Amino acid sequence: MNRVLFCPPTYFDVLEVKNPFMQNAAPVDKNLAMRQWEEVRRAFSRVGFTLETIEPVPGLEDMVFSNNPVFVGVHADVGPFVVPSRMRHPSRQPEVSHYVAWFRARGYRVVELDYGEEYLEGHGDLLWDANFTHVWAGHGFRSTRGGVQKFTAVMDEMGIEVVPLELADPRFYHLDTCLAPLAPGAVLIYPGAFTDTALRAIRRKSLRIYEVNLDEALRFVCNGVSANRSFITPQLTPSLKFALLNERLEPLCVATSEFEKSGGSVCCLKLFLE
Ligand code: ARG
């Protein structure tokens, strides 16, 4: 059974500008945020996932974005493991130990990196390709190139390939805002978010690439999630519709307006456990 981890938006808010979406954001409607979060959970449950929950912590307003504080992997010898993140914003750094404790208590091995001055923001920037053959690794705004290099060195030892992708547009500050793995060999991207070198790497590694335009990307379609032959998304735009038809994925729309004020949507709110 596939499991997915969520953190209730009990203390969710926009208090500080950590990305361009948070600049001049309208106030968060807390009740609506809770309803939207529950709707996102229901969508994952509907497509066959078991839901897990981590206790929210007062004062950690972004802890709801469970996709960021750790990277989750599994390895034949090591077993299930997590790599704790080093978050760029001091206000998000305390989230990490709460997540690590949750995983430790459930038998995951904790693989610590010696970050020094580098940053790495979990699955915000590290996305498993749909066939689990490699990890796409975004850097430039939150995770640093050096953070990705340190991660790559450890994954190398485990035989896990990492493909670094430099990001070029501050509005797409995390890789999960501009790239969504759809199916083995197939990705959805907003090309304007990447450097030319990164685009070449994506082309080299992918069989089918579906592009969305800036307007679609700003509506968080690349933050949709491919899950058990469905694609859970905040919007169904023309380019996305075409991609899903081609890949035979069923769209499942959920509203995430309150989380978008913080720069996040479906992908950021969940953490796959396998
Ligand atoms: N406000 C959060 C931040 O800026 C949003 C994180 C969104 N998460 C993601 N995986 N893109 O850190």
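The values are calculated or read from the model by the stated rules, or taken from the named source; none is laboratory data. Values in this document were obtained by computation on a predicted structure and should not be read as measured data. Cβ: placed from backbone, ideal geometry, glycine included. Neighbour counts: every protein chain shown.
The single condition from (1) free of Cβ contacts under 8 Å to residues at least 60 places away in the same chain; (2) more than 12 Å from residue 258 (Cα to Cα) that residue 34 fails is (2). Residues that are over 15 Å from residue 123 (Cα atoms) and modelled with pLDDT of 95 or more within the stretch 58-78 comprise 58, 59, 60, 61, listed in sequence order. Residues in the stretch 93-105 that are in contact with an Asp or Glu (Cβ under 9 Å, 6 or more places away or on another chain) and either within 16 Å of the ligand (Cβ to nearest atom) or charged (D, E, K, R) (or both): 95, 98. If I ask for residues that are within 14 Å of the ligand (Cβ to nearest atom) and among the aromatic types (Phe, Trp, Tyr), which ones from the stretch 129-140 would you list? Residue satisfying the conditions is 136 alone. Among the residues of the stretch 117-155, those identified as under 13 Å from residue 86 (Cβ atoms) and among the small types (Gly, Ala, Ser) are 122, 124, 143, 146, 147.
Among the residues of the stretch 1-59, the one identified as small (Gly, Ala, Ser), closer than 22 Å to residue 99 by Cα and surrounded by 18 or more Cβ atoms within 10 Å (Cβ to Cβ) is 33.
Taken together, the residues in the stretch 62-92 that are within 16 Å of the ligand (Cβ to nearest atom), surrounded by fewer than 21 Cβ atoms within 10 Å (Cβ to Cβ) and part of a loop (DSSP other than H, G, I, E, B) amount to 2.
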